[in-house]
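The values are calculated or read from the model by the stated rules, or taken from the named source; none is laboratory data. Nothing here was measured: the structure is a model prediction, and the numbers come from that model. Neighbour counts are summed over all protein chains in view; Cβ atoms, including those assigned to glycine, are modelled from backbone coordinates with ideal geometry.
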Amino acid sequence: MGSKSKKRLVLPSRPEPPSVEQIVEDINRAYPNDPVFTVLQDESQDAKPGSASSEVEMIYHQSRRFLELNDRLQEARGELARRREDLRSLGDALGRSVDDVKEKAGSLPCFDKSDS
């Protein structure tokens, strides 16, 4: 009884999927009260503006939007911090350059204060 000599069941090959023309033809031949169309209508009627499912959907979309905006805000914060550091280092370099120019200008004879 515990024999493993069972033959495998060979399944027939799958049929080819219908062409676009065949699908369109089937849709055009369907009756308006076809269950496929009535189920879709029932679902759209269930999602009335005040219904719980549409409210959940709205909250979901608001949450997704919040998360997207939060990500953008965090990216902008990092970018601003990087720019602030760049500006700080440029300001320091500019200050050093100004000091160098003042030092060099002070050593020139035309800027010697003893002429006054």
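Details
- Yes/no for GLU21 being loosely packed, with under 10 Cβ neighbours inside 10 Å and at pLDDT 90 or above: yes
- A single member of VAL56, VAL10, VAL36 is of a type outside the set (Ser, Thr, Tyr), at pLDDT below 85 and not in a loop (DSSP other than H, G, I, E, B), and it is VAL36.
- For SER89, the stated conditions hold: it is at pLDDT 90 or above and either of a type in the set (Ser, Thr, Tyr) or closer than 30 Å to ASP26 by Cβ (or both).
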